[in-house]
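So that we are looking at the same thing, I have put the structure below in structure tokens.
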Amino acid sequence: MKNKYITGLFALLLLLTISSCEEVIDIDLNSSSPVVVAEGYMDKDSLCTMKLTYTTGYFQREDAALIEDATMTITDETGTSEILHYIGKGIYRGASMRGKVNGHYTATIRMDDQVFSGISNLMPVPVIDSINYEDFPFGGHPGAELPQMLVISMKRDPARENHFMLKFRHNGEPVGSSLDLATDSYSSSGDVVQYTTFLMEHESGDTLSVEIYAIDADLLRYYSQINEAISGGMGMSTTPYNPASNLGDDILGYFMARSRSDTILILP
Amino acid sequence: MKIRILIVLLLSGSGLFAQNRYTVSGGVSDASSGENLVGATVYVAETTLGGFSNSYGFYSLTVPKGRQVIVCSYIGYEGFRKEINLDEDMRLNIRLTPGSTELEEVIVHAERADRKLSTVEIGVERLDVASITKIPVLLGEKDVLKTLQLMPGISTISEGSSGFSVRGGSMDQNLILLDEAPVYSASHLMGFFSVFNADAIKDVSVYKGGIPATYGGRAASVVDIQMKDGNNQHFSGSGGIGLISSRLTIEGPIVKDKSSFILSGRRSYADLMARASGQLTENVTLYFYDLNAKINYRVNENNRIFLSGYFGKDDFGFEDFGTDWGNGTGTLRWNHLFSPRLFSNTTLLYSKFDYGFNLQDEVKMSSGIEDFSFKEDFTSFLSPDHTLKFGLNSTWHIFNPGELLTGDGEFAIIEDIIMEKKQSLESGIYLSNESKFGKRFSAEYGLRLSMFNQMGEGWDFSYDEENRRIDSTWYGRGEVMQTYVSLEPRLSMNYRLGERSSVKASFNRITQYLHLLSNSTSGQPTDTWVPSTTHVEPVTVNQVSAGYYRNFLDNNLEFSVEAYYKQMHHVTDYEDGTYVMFNEDIEASILEGDGRSYGFEFYLKKKYGSLTGWISYTLARTENLIEEISPDWYPTTYDKTHDVAIVVSYDLTRRLSLSGTWVYYTGNAVTFPSGKYEFDGYLASYYTERNGYRMPDYHRLDLNLHLAGKERSRFKSSWDFSVYNTYNRYNAYIISFRESKTNPGSTEAVKLSLFGIVPSITWNFEF
């Protein structure tokens, strides 16, 4: 009986005090002049691709306007250049130059009277040292099933900084609402850099494909910043900002050189 | 030789006058408890000779010899009147009797109720602690800081928060003192409750402008909170039981009239209730506590010693994870009277704030700040028209920006991060004089010289444009790395237009050497205090203000309008993407610029009668100009255009009173997206102008019904029935933007509100 009263009082307290609520609202946002958005890749053994679009109004449903008349070139560390050709849907692609480890690439975009240029370094291919499953180390009622964690260890080169970006697909569908990053600045031990994440709900036998990209320090910083832009801002905390592009001012997006390792896991 | 004699006479405060004047001095105290009364008016009847008791209840009046009538008044007490025959310096200790309801009229007429008109204070709010008990606040927890937010020029940071902004200043620009010790984090539970237990507090004063030379170190305000000394007449106690926390205060004499103590504690118990009801497991903790303790000893008529301390903590943990943060302060003071006209206060202070978390006893993180201070303050009552104040203070700061240790176990793969500790010496010396020039004009003018030394041991780094280290210099222990010196003039003036009105003006310059690094405007325990360095200059504020004050209805109604303008140099912000925590090179990412803040404050207060309360309205603007952020002035996150508070209390009967608070303010400046784009399959927001939008307007009504129980001998009890947010308006706490969950591909804005209607019940008692 006593428990009933205490339970009721506490329930009332919880209900009324922690009565926060979330509501979708209408809000007027300023319109802004469209800004160029560039998404460029020079992956190992792949041709260079660059997608050019414009920003849209925040609540606009229509697809972003495409940029179809830019001149794009890619230049490697030897000075060899190639012009990327427009293949449709805002995408420009090279024909012969492919990404090589330790390559140093410069992408240049010319459109109207503007010139944008950015540099990226192609890092060595990441090597997976181990992949393990572990129980979440704390929490929950006694006897309750603990969530599982996926621990991926990448080999670390002690002669340089080691940074990685990871992508996951569960049964072919992308997983995660932000970019997953790992760096030896925060989580390394001896010869590995470790990345740990909660495993999503799954059935035994499901597949989890893992793509691991090796990236340079500048790209790591950009990815960290874009994660905040993806979160949509929070009104009361850190002032939101636009991640700095390596292609210059007055442009969004990034040109990146990456190498990649893939693996597919059959989940227990 | 003559100069030497003059200095000695000045310090002793005697012999300056021909022997046709003598000094009446003593303490003003509560007759029932012995508690010193701060700011009591003491004057000679039928004259303009008078003054106020200081922070320790001491007053000193030099008046013509012969028969004089000394009058003393203080709100809530019966008036004091005594005829004396003055033929030598006289010690007259005044004990005021608390007023009863039958004697309300006596109180009204006995009090010199034009205090605001007669002092030089401008931009100062004095809180009647007793009035706090009637003001409804969240969950029935009486809160000093939340009550201050109802005053003009003082605005809340966010819903439910005890963090506040004064005249557009940031949170770290408020110097909060508890018995002279700085309190670095004045909030529990992420800001929902302040750390100050109203039962242990005697006096609260807020200086928004016209800050006297006695104070320094914070650019926007000083909140000076005095603890009670403890009842030196008889044992007594008080307390209350509420939904979220309970409190108990016990005080009494150690030796009657000579020594007393007070012990006051408060603890929240949401976790205890939840465990008792089975809602939480045994391994979960969620609570905060406060403990105030003080003893005092009157050695003799000229010497008194006080020792006080405060300890408070927030604790949250479950299973093997725990986090806690809290403050600790200690104050040792010695009041000494060199003569009836020379009062001194010597203080040793200690203050600490720390934050930490612990995971399985392997991963440990800590950060904080620690102060050791010495202060010496003199007040010399030179003459009826001149009161000289002078003194010095020095503080050794130790900064722990952060330390993360991951042990040798399963978390060893995470690198240890040990941020270098910093230390600094902050000192000040001041001199000020409060003078009366005739019957109408008075002024307080002074100068404060402050100095700040960043001290070794430690590294000083140089950076390139990309914020990469390019050089380093090592400083050994005790070596001076950087010195800043600032001359800070202070001036307040009052011109009495007539019996019921006056105009005032002030100027002050203040330099702030400490900075709070925060990723949030709402104040979190993870915020980090850092010193000014070779790369980060101190903030300097010049503020001018002017005001018109008018009383009506026999001083029952007080009206004032004040205007202010603040000019700020070296205000700080961060480069985009700066990580504040565990960033050893944070200095390289700090941007500096100018700021300005200006506004009008209107205040109307009814002080006596069955119906009391006030209306405050602030119209203001606060902007920064930091070139790397914007080429033009842009509003800061603390900028709020309109801020209204209406506080009303009505005594329905002798035992029943109803009070209400209505607040309204326009939203603070925020940054919302103006567009969007896709990158790598993710939707990202695109931002244009910094702080170019406003949060929606906020308004809320709180009500409180206070029912006093029937008095049974010494035991009294009362009930408070409160409703927070009476009309259940879901004000916006955060607005965020995301891809629609119900309509993928399109975007939406989402408002998060914290509280709907929140009723609460509190039972209070005293004996």
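Taking the stretch B:270-290 as the search range and keeping residues that are more than 11 Å from B:ASP315 (Cα to Cα) and under 33 Å from the mean Cα position of the chain (by Cα), which one is modelled with the lowest pLDDT?
That would be B:MET273.
Inside the stretch B:556-572, can you point out the residues that are of a type outside the set (Ser, Thr, Tyr) and surrounded by fewer than 21 Cβ atoms within 10 Å (Cβ to Cβ)?
Result: B:ASN556, B:LEU557, B:PHE559, B:VAL561, B:ALA563, B:GLN567, B:HIS569, B:HIS570.
Could you list, in sequence order, the residues of the stretch B:218-240 that are surrounded by fewer than 24 Cβ atoms within 10 Å (Cβ to Cβ) and over 17 Å from B:ALA200 (Cβ atoms)?
B:VAL222, B:GLN233, B:HIS234 - these are the residues of the stretch B:218-240 that are surrounded by fewer than 24 Cβ atoms within 10 Å (Cβ to Cβ) and over 17 Å from B:ALA200 (Cβ atoms).
Would you confirm whether or not the stretch B:610-628 contains a residue that is of a type outside the set (Phe, Trp, Tyr), within 14 Å of chain A (Cβ to nearest Cβ) and assigned to a loop (DSSP other than H, G, I, E, B)?
Yes, the conditions are met somewhere in the stretch B:610-628.
Additional query: Being more than 28 Å from the chain's Cα centre (by Cα) and surrounded by fewer than 16 Cβ atoms within 10 Å (Cβ to Cβ) is the requirement here; does B:ASP594 meet it?
Taking the combined requirement at face value, the residue does not satisfy it.
Listed here are the residues, each with its yes/no results for (1) surrounded by fewer than 19 Cβ atoms within 10 Å (Cβ to Cβ); (2) under 29 Å from B:ASP179 (Cα atoms).
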position	(1), (2)
B:ALA31	yes, yes
B:GLU35	no, yes
B:VAL42	no, yes
B:ILE70	no, no
B:PHE80	no, yes
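Turning to a different aspect of this structure: Among the listed residues B:ASN358, B:ASN400, B:ASN433, B:ASN345, identify the single one that is surrounded by 15 or more Cβ atoms within 10 Å (Cβ to Cβ), closer than 30 Å to B:VAL503 by Cα and not assigned by TED's automatic domain parsing to the domain that holds B:LEU178.
The unique qualifying residue is B:ASN433.
Continuing with the same structure: Which of the numbered conditions does B:THR62 fail, given that it passes all the others? Conditions: (1) touching a Pro at 6+ places or on another chain (Cβ under 6 Å); (2) on the phi > 0 side of the Ramachandran plot.
Checking B:THR62 against (1) touching a Pro at 6+ places or on another chain (Cβ under 6 Å); (2) on the phi > 0 side of the Ramachandran plot, the one that fails is (2).
Let me ask something additional. Just a yes or no: is a residue in the stretch B:270-277 assigned to a loop (DSSP other than H, G, I, E, B) and away from chain A (no Cβ under 14 Å)?
No: the stretch B:270-277 contains no residue that is assigned to a loop (DSSP other than H, G, I, E, B) and away from chain A (no Cβ under 14 Å).
Now for a different question. Let me confirm something: among B:ARG298, B:ARG304, B:ARG267, which residue is of a type in the set (Lys, Arg), outside the structural domain of B:ILE201 (by TED's automatic domain parsing) and under 30 Å from B:MET365 (Cβ atoms)?
Working: B:ARG298 fails: under 30 Å from B:MET365 (Cβ atoms); B:ARG304 fails: under 30 Å from B:MET365 (Cβ atoms).
So the residue among B:ARG298, B:ARG304, B:ARG267 that is of a type in the set (Lys, Arg), outside the structural domain of B:ILE201 (by TED's automatic domain parsing) and under 30 Å from B:MET365 (Cβ atoms) is B:ARG267.
Which pairs do you get when a residue that is within 30 Å of B:LEU604 (Cα to Cα), found in the stretch B:483-505, comes within reach of a residue that is of a type in the set (Asp, Glu) and crowded, with 19+ Cβ neighbours inside 10 Å, reach meaning Cβ atoms under 6 angstrom, with the pair 6+ apart or on two chains?
B:SER492/B:GLU444
I'd like the full set of residues that are free of Cβ contacts under 8 Å to residues at least 12 places away in the same chain and among the hydrophobic types (A, V, I, L, M, F, W, C), limited to the stretch B:368-418.
Passing the criteria: B:ALA412, B:ILE413.
Residues of the stretch B:164-195 being assigned to a loop (DSSP other than H, G, I, E, B), surrounded by 24 or more Cβ atoms within 10 Å (Cβ to Cβ) and modelled with pLDDT under 90, which ones?
B:SER185, B:ALA186, B:VAL195, listed by residue number.
May I pose another question? Kindly establish whether B:ARG621 is of a type outside the set (S, T, N, Q), out of contact with any Leu (no Cβ under 8 Å at 6 or more places or on another chain) and surrounded by fewer than 16 Cβ atoms within 10 Å (Cβ to Cβ).
The answer is yes for B:ARG621.
Please enumerate the residues belonging to the stretch A:32-75 that are at the interface with chain B (Cβ under 7 Å from one of its Cβ atoms), part of a loop (DSSP other than H, G, I, E, B) and either crowded, with 22+ Cβ neighbours inside 10 Å or in contact (Cβ under 8 Å) with a residue 12 or more places away in the chain (or both).
Those that are at the interface with chain B (Cβ under 7 Å from one of its Cβ atoms), part of a loop (DSSP other than H, G, I, E, B) and either crowded, with 22+ Cβ neighbours inside 10 Å or in contact (Cβ under 8 Å) with a residue 12 or more places away in the chain (or both): A:SER32, A:VAL35, A:THR55, A:GLY57, A:TYR58, A:PHE59, A:ALA64.
Given the stretch B:657-709, what strands (runs of 3 or more DSSP E) lie entirely inside it while holding 3 or more residues that are away from chain A (no Cβ under 14 Å)?
The qualifying strands (runs of 3 or more DSSP E) are B:698-708.
Scan the stretch B:723-767 for residues that are within 8 Å of chain A (Cβ to nearest Cβ) and in contact with a helix residue (DSSP H, G or I) (Cβ under 8 Å, 6 or more places away or on another chain) and jot them down.
Answer for the stretch B:723-767, where residues must be within 8 Å of chain A (Cβ to nearest Cβ) and in contact with a helix residue (DSSP H, G or I) (Cβ under 8 Å, 6 or more places away or on another chain): B:PHE755, B:GLY756, B:ILE757, B:VAL758, B:PRO759.
The values are calculated or read from the model by the stated rules, or taken from the named source; none is laboratory data. Everything numeric here is computed off the predicted structure, so don't read it as measured data. Reconstructed Cβ throughout: ideal geometry from the backbone, glycine too, with neighbour counts over all protein chains shown.
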